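Remarks on the structure that follows.
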Amino acid sequence: QPFIDFRDVWLAYNDELLAKQQFAVEAIDLRVAQGEFIAIVGPSGCGKSTFMKLATGLRRPSRGTIVIDGREVAGPLKISGMAFQAPSLLPWRTTLDNVLLPLEIVEPYRSQFRSKKAEYAERARALLRQVGLGGYEDKYPWQLSGGMQQRASICRALIHEPKMLLLDEPFGALDAFTREELWCTLRDLWQVQRFNVILVTHDLRESVFLADTLYVMSKSPGRFVVQRQIDLPRP
Ligand code: ADP
Ligand code: ADP
């Protein structure tokens, strides 16, 4: 049984667009196995963020069904973590407190946050050490480089042990050296924890280095479809 199952999924953003049959994505049909790492490439406007919104339950499809982890998606999913091109750490919080944020918001952690804070903080420290940020727990975002902030934002995305990690161009703003370092960090984390990853990127080399499967989305007049699936060799 696949972990993510899109069956003939179409989305028009509102009724007016639906009446005009203007879909942001059309006929998406794809299945992702448990623990699989997929990358999505495609030009601007082809529907990559729309796909992400559907995969997290932030948008419901106009047609078709989406089943994730055995259940039809009916609303925002708690089993996912997200990171974007901008690290968007809260400037008034330390690195540690930024990483802890999802545990203050997402159940079942939220209701136990006060009583378990020490345990949660230890988990956050361990994760920060794994990405090379040991010793930076008490620093504020402005005291960290861009790459370090992005490492922290990946820790924040993983702190509640999500089954699915959604990454929307997370390395796009980094220099080539830092980017490749972070690829390795992400691959190490993924090889241990085996969460599913959906990575949106403009960098083909990045998708080849990281992903099991590459999906190419295309934008031809009026159609936004998943055009091609490429199984990548594992080094
Ligand atoms: P990408 O992430 O690949 O750049 P998007 O998923 O953002 O593409 O956009 C796919 C299509 O849906 C585009 O034509 C875009 O203009 C349209 N679109 C995206 N968001 C909205 C929205 N909130 N309302 C209406 N149309 C949207
Ligand atoms: P994203 O998360 O990809 O930035 P959003 O749904 O948050 O997309 O859209 C950002 C803003 O741009 C929203 O106000 C949305 O309505 C608007 N928008 C994006 N594309 C379109 C479009 N094709 N037509 C109308 N509004 C759009």
Fill in the blank from the handout: Checked the chain against the a/c 1.5 cut and the a/b vs b/c comparison, axes a ≥ b ≥ c from its Cα gyration tensor; verdict prolate
Completion exercise
Given the candidates ALA121, GLY81, PRO102, the one whose Cα lies deepest towards the positive end of the charge dipole of the stretch 68-142, counting +1 at each Lys or Arg C-beta and -1 at each Asp or Glu C-beta, is ALA121
Practice task
Report the residues of the stretch 51-93 in range of a label on ASN14: point 7 Å along Cα→C-beta, backbone N strictly under 17 Å from it.
Solution key: 59-60, 62
Practice task
Considering only DSSP beta bridges where both residues belong to the chain, give the percentage that are antiparallel (nearest 5).
Solution key: 55 percent
Practice task
Would you mind computing, in nm to one decimal, how far apart the modelled labels at ASP212 and TRP183 are, each placed 7 Å from Cα along Cα→Cβ?
Solution key: 2.0 nm
Handout entry: Relative contact order (%) - criterion: Cα under 8 Å, at least six apart; region: the chain
Key = 28 percent
Completion exercise
In whole angstrom, the spacing between the Cα centers of the stretch 143-195 and the stretch 63-87 equals 19 Å
Practice task
Figure the gain on full extension for VAL67 and ILE230 (residue separation times 0.36 nm, minus the Cα-Cα span) and round it to one decimal in nm.
Solution key: 56.5 nm
Handout entry: the stretch 154-215 shape via C-alpha gyration tensor axes, a/c threshold 1.5
Key = prolate
Exercise for the section: Indicate the helices, whole DSSP H runs only, in the chain that combine a mean Kyte-Doolittle hydropathy of 0.5 or more with a Cα extent along their long axis of 30 angstrom or more. Expected result: none
Handout entry: TYR140/ASP175 FRET efficiency (R0 25 Å; Cβ-Cβ; nearest 0.05)
Key = 0.70
Problem - Residue with peak Gaussian network fluctuation, the chain [Cα springs, cutoff 10 Å], from LYS116, LYS163, LYS48 - result: LYS116
Exercise for the section: Go through ILE68, GLN21, LEU90 and say which Cα lies farthest out towards the positive end of the charge dipole of the stretch 16-123; charges sit on Cβ, +1 for Lys and Arg, -1 for Asp and Glu. Expected result: LEU90
Practice task
Place a +1 charge on the Cβ of each Lys and Arg in the chain and a -1 charge on the Cβ of each Asp and Glu, then give the dipole magnitude about the Cα centre in debye, rounded to the nearest 20.
Solution key: 320 debye
Practice task
Go through the stretch 2-19 residue by residue and turn each phi into a ³J(HN,Hα) via Karplus (6.51, -1.76, 1.60, θ = phi - 60°); whole Hz please, and just put x for glycine and proline.
Solution key: x, 7, 10, 9, 9, 10, 6, 8, 10, 9, 10, 5, 8, 5, 4, 5, 5, 4
Exercise for the section: For every helix of n ≥ 4 consecutive DSSP H residues, a contribution of -39,500 (n - 2.57) applies; sum these over the chain, divide by its total residues, and give [θ] at 222 nm rounded to the nearest 500 deg cm²/dmol. Expected result: -10000 deg cm²/dmol
Problem - Distance in nm between pseudo-label sites at ARG205 and GLN1 (7 Å out along the Cβ direction from Cα) - result: 4.1 nm
Handout entry: Ordering of 53-66, 148-161 by packing [mean C-beta count within 10 Å, highest first]
Key = 148-161, 53-66
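Taken together, the values in this text are just the output of simple stated rules run on the coordinates, not laboratory data. Computed from a predicted structure; not experimentally measured. Quick reminder, even Gly has a Cβ in these numbers, built from the backbone with ideal geometry, and neighbours come from all protein chains shown.
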